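**Student:** Submitted below is the structure of interest, expressed as structure tokens.
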Amino acid sequence: MNNYPVIVEGSLDEHLSRWRWLVKWLLAIPHYILLVFLWIGFVLGTFAAFWVLLFTGRYPRGIFNYNLRVLRWTWRVNFYATSAIGTDKYPPFHGREDPDFPARLEIPYPETQRRGLPLIGWWLAGIPQFIIAGIIGGGVNSGNNLLVLLVFVAGLLLLFTGKYPRDLFAFVMGCNRYALRVTAYAAFMTPEYPPFRLDQGATEPTPLEGAPLPA
């Protein structure tokens, strides 16, 4: 049983192209153009949700569903193009559930959350998590971070050997999983504090399988 409510999974293609990872970021540009505008809505929606949460302790369902779709869409595109390069299947232009695509993200709707000053203190407690997630990268972040290096190494191995090592993919998934958990927490989409660890692997591990976050 998974012990954290943000579910992040991705299946590695059995036969990835040796060279396509070099141009996937170009092929994904139409997605990223749309996502720029969607993320503006995500930020504004999260800001509005904060004020509703502050006084009522409930996350507006419509904003939650919108934010979940933006996160899901972003994860699919990044899994394909930048933060995992784990599939050659082009992502769909939507954030709805799609069992045919190998990357999956689910967050159950939180019926009740903190409100008032406890909400503010709870969010501020996540600052160490936000810093670590920024260094690791993944999910939303695609700048200079650990995942850029890991995915580049994976791409070189694909190019010269035709193989994406399973252990490397598992570690890449752990980094993405951690970053997306923290992103969901920062957007008030889960009241559960993210664990300080990398849960590696294509699927969500059981509590006993969680690998500790390296110091």
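**Student:** Filtering the range 124-146 down to residues that are of a type in the set (A, V, I, L, M) and at pLDDT 90 or above, which residue is surrounded by the most Cβ atoms within 10 Å (Cβ to Cβ)?
**Tutor:** Among those that are of a type in the set (A, V, I, L, M) and at pLDDT 90 or above, it is Ala133.
**Student:** Answer yes if at least one residue in the range 23-30 is within 27 Å of Thr161 (Cβ to Cβ), modelled with pLDDT under 95 and over 13 Å from the mean Cα position of the chain (by Cα), and no otherwise.
**Tutor:** From the range 23-30, those within 27 Å of Thr161 (Cβ to Cβ) are 23-28; that's our starting set.
Remaining after also requiring modelled with pLDDT under 95: 25.
Those still in the list that are over 13 Å from the mean Cα position of the chain (by Cα) too: 25.
Looking for residues that are within 27 Å of Thr161 (Cβ to Cβ), modelled with pLDDT under 95 and over 13 Å from the mean Cα position of the chain (by Cα), one finds at least one in the range 23-30, hence yes.
**Student:** Residue check: is Arg115 under 14 Å from Phe188 (Cα atoms) and not acidic (Asp, Glu)? Let's see the steps before the verdict.
**Tutor:** On the way: under 14 Å from Phe188 (Cα atoms): yes; not acidic (Asp, Glu): yes.
Answer is yes for this residue.
**Student:** Let me ask another. Name every residue in the range 145-197 that is more than 19 Å from Asp88 (Cα to Cα), in a loop (DSSP other than H, G, I, E, B) and not charged (D, E, K, R), in order of residue number.
**Tutor:** Here is the first cut: in the range 145-197, the ones more than 19 Å from Asp88 (Cα to Cα) are 145-146, 149, 167, 171, 174-175, 177-197.
Keeping just the survivors that are in a loop (DSSP other than H, G, I, E, B) gives 145, 187-196.
Listed by number, the residues that qualify are Asn145, Ala187, Phe188, Met189, Thr190, Pro191, Tyr193, Pro194, Pro195, Phe196.
**Student:** I would also like to ask the following. Among the residues of the range 32-48, is any more than 27 Å from Tyr185 (Cβ to Cβ) and without any contact (Cβ under 8 Å) to a residue 24 or more places away in the chain?
**Tutor:** Here is the first cut: in the range 32-48, the ones more than 27 Å from Tyr185 (Cβ to Cβ) are 33.
Of the ones still in play, those that are also without any contact (Cβ under 8 Å) to a residue 24 or more places away in the chain are 33.
So far as the range 32-48 goes, yes, one or more of its residues are more than 27 Å from Tyr185 (Cβ to Cβ) and without any contact (Cβ under 8 Å) to a residue 24 or more places away in the chain.
**Student:** Something else now. Out of Phe188, Phe196, Phe152, I need the residue that is farther than 26 Å from Ser17 by Cα, out of contact with any Gly (no Cβ under 6 Å at 6 or more places or on another chain), surrounded by fewer than 21 Cβ atoms within 10 Å (Cβ to Cβ) and among the aromatic types (Phe, Trp, Tyr). Which one? Give the steps one after another, and end with the answer.
**Tutor:** On the way: Phe188 fails: surrounded by fewer than 21 Cβ atoms within 10 Å (Cβ to Cβ); Phe152 fails: farther than 26 Å from Ser17 by Cα.
Every option except Phe196 fails the conditions.
**Student:** Can I ask one more? Restricting to the range 83-101, name every residue that is surrounded by fewer than 12 Cβ atoms within 10 Å (Cβ to Cβ) and either more than 20 Å from Phe42 (Cβ to Cβ) or among the β-branched types (Val, Ile, Thr) (or both).
**Tutor:** Once the filter is applied, which keeps residues that are surrounded by fewer than 12 Cβ atoms within 10 Å (Cβ to Cβ) and either more than 20 Å from Phe42 (Cβ to Cβ) or among the β-branched types (Val, Ile, Thr) (or both), the range 83-101 yields Pro99, Asp100.
**Student:** Among the residues of the range 1-18, is there at least one that is farther than 26 Å from Phe196 by Cα, assigned to a helix (DSSP H, G or I) and in contact (Cβ under 8 Å) with a residue 12 or more places away in the chain?
**Tutor:** We begin by selecting, within the range 1-18, every residue farther than 26 Å from Phe196 by Cα; these are 13-18.
Imposing the further condition that a residue be assigned to a helix (DSSP H, G or I) reduces the set to none.
Among the residues of the range 1-18, not one is farther than 26 Å from Phe196 by Cα, assigned to a helix (DSSP H, G or I) and in contact (Cβ under 8 Å) with a residue 12 or more places away in the chain, which makes the answer no.
**Student:** Which residue pairs have Cβ atoms under 6 Å apart, sit 6 or more places apart or on different chains, and have a first residue in the range 186-215 that is at pLDDT 55 or above and a second that is of a type in the set (D, E, K, R)?
**Tutor:** Short answer, once both residue conditions are applied: Pro194/Arg181; Asp199/Arg177; Thr203/Glu9; Pro205/Asp199.
**Student:** So how many residues does the range 104-127 have that are within 18 Å of the chain's Cα centre (by Cα) and without any contact (Cβ under 8 Å) to a residue 24 or more places away in the chain?
**Tutor:** Total satisfying the criteria: 1.
The values are calculated or read from the model by the stated rules, or taken from the named source; none is laboratory data. Because the structure is predicted, anything quoted here is derived from the model rather than measured. As a convention, Cβ positions derive from the backbone with ideal geometry for all residues, glycine included, and neighbour counts pool all protein chains shown.
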